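The values are calculated or read from the model by the stated rules, or taken from the named source; none is laboratory data. Everything numeric here is computed off the predicted structure, so don't read it as measured data. Positions of Cβ are backbone-derived with ideal geometry, glycine not excepted, and every protein chain shown enters the neighbour counts.
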Amino acid sequence: MDKNFADIKARAAELREQLEYHSKLYYVDDAPVISDYEYDRLFYELVAIERDYPELDIPSSPTHRVGGKALDKFDKVTHTVRMDSLTDVFSFDELRTFFDTVGRTVPNAVYSVEPKIDGLSVSLKYEGGVFTVGATRGDGNVGENVTQNLKTVFDIPLTINKPLDITVRGEVYMPRAVFERINAKREAAGENLLANPRNAAAGSLRQLDPQVTASRGLSIFIFNHQEGELGELSSHTEILDFLNSLGFKVVQHRLRSSDPEAIIAHIQALGEMRDGLEYDIDGVVIKIDSLSERKILGEGTGTPKWAVAYKYPPEQKITRLVDVSIAVGRTGVLTPTAILEPVRLAGTTVSRATLHNLDFIRERDIHIGDKVTLQKAGDIIPEVVCAHPNMRDGSERVFNMPSTCPSCGEPIFREEGEAAVRCTNAACPAQLSRGIEHFASKDAMDIDGLGPQIVEALIGAGLISSAADLYSLREEEIAALDRMGEKSATNLISAIEKSKNAGLERLLFALGIRNIGAVAATALAAKYRTLDACMDATLDELCTIPDFGEITARCVVNYFSHEQNRELCQRLRDAGVLTEATAAPTGDRFAGLTFVLTGTLPTMSRDEASAVIVAEGGKVSSSVSKKTHFVVAGEAAGSKLTKAQSLGVKIIDEDTLMQMVRGEIEL
């Protein structure tokens, strides 16, 4: 080895050490000592060395944090230690019951109490102190390998302070400031806004292109040791302190106590702090601190007996209802939306909220100008809970629906027995715009790049007046639109062409037939196999489809009874759009069985899992009932999983489903 190369190798090692040190100061300790400019100079010096001397480009180099080559898909990772979920409690009475139950087995137990970060749970594996594998929780047994994406999270050390073989668990989250910054950029670009920091973090971590993840500014808190070398450590608190000494950013605002009332007071204090934290929390985790006492208590069915998660009730805020705007949906429904004085709620600034319909407004006696209480349904969609008539000053006024459509000026009507008010004009511009956006959406024809702004531009330029017109667009027409160019036009034409092969299942959903969602569209396609057969189906025939009631069946008949809709279908067929079912049953292994899908599966989308089930002769339902045979549950499974547990429905994961398909499990 010549002296010059030895000097370069030493400089590369020095740069890596400096960059890791300054990254920790900036991202973990929030105490930078050099400017961004100085950091960038060090970073790009190392980039240049690794480019000129590839043998010095090691896997743990800080340069890999900017993201590498995009992936085609995520590989599976089987967790050697199951990543369990916790039992939820929703009141202090329930929490006291937990303390009493534990106390009968472990008197005077000491608990570790810590915030429950609202993010995405991952495992991080280190070999010889070097980060080697990072995976999502998945169903607890099998997750997705997102190592390259996790390397872009600066809070995750690529090497730790001791050469240990160890696996830890943490929660990846998007800081509120980052979330607000990204949404501001998306709003300026006319893109759909991210729903909340948790969903944004989950979506960012599951990007196939690590460079996209790198741009999202994710962070992580480590909250558990999964397996590996611990020495003589005997408590959770000692473990977290040890992990912190290794270079991990561990969960903050912890309490160690044996006093239930002190623990409850701490939970209340954390609740009051929620607005001031840089990250979202949705509860507090209470765990037995002693590892030996955990073993005494043992494990329950899928959850440990030594820990619970206290979940905060939905956050509520009071603000003023400034006005009510009317949006016209793709089916012509006029939906009132509250225009609010902006208020911070559950991690985001809210200035609009759904008011559902006129009945909702009347039942709650909501007036324009009222002080109203807000919350987020499912921590995502802002909604008005109630008004406060006692706070009125006399300036408030009653809201009335308009007599004509605000989009086209045509009369509106309300069917007897329905809450919805609708526009009567089938050619209403608002309906056209929303209808084409729905037609192009991911679960429909999946035309990538055809967002709301492009749709509006195409309509405004007179290039489209129905979904069928998309298939006659030319590149030069699209390229001439504002903020479009040749490359964007080429990509959009390619996406439109690709959508021709989406199949009957997606096409039926894309048509926007009332009450026909993705599951109903799949069932309709499985029954009739061709679009022509669906168009000619009778009401009585449609009612025989499982989960199709008379209302749903009548919606299908009504849709195809209109000449303009039949003409649209003919134009789509003439354009080369596939009008036959793609998910033909290849077996009867699931014949007579009903499945419900919930949560995020490790390797398949819900559409893909549904196709697998249908291909084996099974049925996929959107709701859980006593007639449900299996619930396939993935990560972040919600109310459907809870209902399945209460009804005693068998719950399986994706891996079990595929074993059933392969015949490895007897039904």
Next item on the list: Inspect segment 88-100 for any residue being part of a helix (DSSP H, G or I) and at pLDDT below 90 and give the result as yes or no.
Entry: no
Notebook entry, point to check: Does residue 220 qualify as being modelled with pLDDT of 85 or more, part of a helix (DSSP H, G or I) and either surrounded by 14 or more Cβ atoms within 10 Å (Cβ to Cβ) or under 29 Å from the mean Cα position of the chain (by Cα) (or both)?
Noted result: no
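Could you tell me which residue of segment 196-217 is surrounded by the fewest Cβ atoms within 10 Å (Cβ to Cβ), considering only residues that are of a type in the set (Lys, Arg) and touching a strand residue (DSSP E or B) at 6+ places or on another chain (Cβ under 8 Å)?
Ranking the qualifying residues of segment 196-217, first place goes to 206.
So that you can scan it fast, the table gives a plain yes or no per residue for (1) surrounded by 17 or more Cβ atoms within 10 Å (Cβ to Cβ); (2) polar (S, T, N, Q):
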{"residue": "375", "(1), (2)": "yes, yes"}
{"residue": "382", "(1), (2)": "yes, no"}
{"residue": "385", "(1), (2)": "no, no"}
{"residue": "389", "(1), (2)": "no, no"}
{"residue": "394", "(1), (2)": "no, no"}
{"residue": "397", "(1), (2)": "no, no"}
{"residue": "410", "(1), (2)": "no, no"}
{"residue": "413", "(1), (2)": "no, no"}
{"residue": "417", "(1), (2)": "no, no"}
Item checked: Criterion: without any contact (Cβ under 8 Å) to a residue 24 or more places away in the chain and in contact with a Leu (Cβ under 9 Å, 6 or more places away or on another chain) - qualifying residue of 486, 456, 505, 475 -> 475
Next item on the list: Being among the polar types (S, T, N, Q) and surrounded by 15 or more Cβ atoms within 10 Å (Cβ to Cβ) is the filter; apply it to segment 223-240 and report the residue that is nearest to residue 182 (Cα to Cα).
Entry: 224
Check: Scanning for something in contact (Cβ under 8 Å) with a residue 40 or more places away in the chain and at positive phi, does segment 355-377 turn up at least one residue?
Finding: yes
Note to self: Here is a list: 172, 133. Which entry is surrounded by fewer than 20 Cβ atoms within 10 Å (Cβ to Cβ), in contact with a helix residue (DSSP H, G or I) (Cβ under 7 Å, 6 or more places away or on another chain), of a type in the set (Val, Ile, Thr) and in contact (Cβ under 8 Å) with a residue 24 or more places away in the chain?
What the structure shows: 133
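Listed here are the residues, each with its yes/no results for (1) under 30 Å from residue 162 (Cβ atoms); (2) assigned by TED's automatic domain parsing to the domain that holds residue 288; (3) in contact with a helix residue (DSSP H, G or I) (Cβ under 7 Å, 6 or more places away or on another chain).
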| residue | (1), (2), (3) |
| --- | --- |
| 200 | no, yes, yes |
| 214 | yes, yes, yes |
| 231 | yes, yes, no |
| 235 | yes, yes, yes |
Next item on the list: Report yes if some residue within segment 187-195 is modelled with pLDDT of 90 or more and either in a strand (DSSP E or B) or surrounded by fewer than 20 Cβ atoms within 10 Å (Cβ to Cβ) (or both); otherwise report no.
Entry: no
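So that you can scan it fast, the table gives a plain yes or no per residue for (1) of a type outside the set (D, E, K, R); (2) in contact with a strand residue (DSSP E or B) (Cβ under 8 Å, 6 or more places away or on another chain); (3) touching a residue at least 40 places away in the same chain (Cβ under 8 Å):
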| position | (1), (2), (3) |
| --- | --- |
| 194 | yes, no, no |
| 219 | yes, yes, yes |
| 223 | yes, yes, yes |
| 256 | no, yes, yes |
| 262 | yes, yes, no |
| 275 | no, yes, yes |
| 290 | yes, yes, yes |
Margin query: When the residues of segment 465-489 are narrowed to those that are in contact with a helix residue (DSSP H, G or I) (Cβ under 6 Å, 6 or more places away or on another chain) and in a helix (DSSP H, G or I), which ends up surrounded by the fewest Cβ atoms within 10 Å (Cβ to Cβ)?
Written below: 486
Checklist line | Subset of segment 374-400 (residues that are assigned to a loop (DSSP other than H, G, I, E, B) and either at pLDDT 90 or above or not assigned by TED's automatic domain parsing to the domain that holds residue 349 (or both)) | finding: 388, 392, 393, 394, 395, 396, 399, 400
Note to self: Looking at segment 356-372 only, could you name the residues that are at pLDDT 95 or above, of a type outside the set (D, E, K, R) and assigned to a loop (DSSP other than H, G, I, E, B)?
What the structure shows: 366, 369
Check: Which condition number does residue 325 fail, the rest of (1) modelled with pLDDT of 90 or more; (2) closer than 23 Å to residue 181 by Cα being met?
Finding: (2)
Note to self: Give all pairs with beta carbons closer than 6 Å in which a residue from segment 72-85 that is within 22 Å of residue 149 (Cα to Cα) meets a residue that is buried (at least 18 other Cβ atoms within 10 Å of the Cβ) and of a type in the set (D, E, K, R); count only pairs at least 6 apart in sequence or on separate chains.
What the structure shows: 74/144; 83/137
Note to self: Among the residues of segment 510-528, are any charged (D, E, K, R), surrounded by fewer than 22 Cβ atoms within 10 Å (Cβ to Cβ) and within 25 Å of residue 457 (Cα to Cα)?
What the structure shows: no
Notebook entry, point to check: Any idea which residue in segment 101-131 is modelled with the lowest pLDDT, counting only those that are assigned to a strand (DSSP E or B) and of a type in the set (Ser, Thr, Tyr)?
Noted result: 121
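Yes or no, residue by residue, for (1) under 31 Å from the mean Cα position of the chain (by Cα); (2) not in a loop (DSSP other than H, G, I, E, B):
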{"position": "133", "(1), (2)": "yes, yes"}
{"position": "138", "(1), (2)": "yes, no"}
{"position": "144", "(1), (2)": "yes, yes"}
{"position": "148", "(1), (2)": "yes, yes"}
{"position": "162", "(1), (2)": "no, no"}
Check: Any idea which residue in segment 259-276 is farthest from the chain's Cα centre (by Cα), counting only those that are surrounded by 14 or more Cβ atoms within 10 Å (Cβ to Cβ) and either polar (S, T, N, Q) or closer than 14 Å to residue 116 by Cα (or both)?
Finding: 266
Item checked: Within segment 328-355, considering residues that are part of a strand (DSSP E or B) and of a type in the set (Lys, Arg), the one farthest from residue 509 (Cα to Cα) -> 344
Next item on the list: Please go through segment 558-579 and pick out each residue that is surrounded by 15 or more Cβ atoms within 10 Å (Cβ to Cβ) and under 26 Å from residue 418 (Cα atoms).
Entry: 559, 560, 565
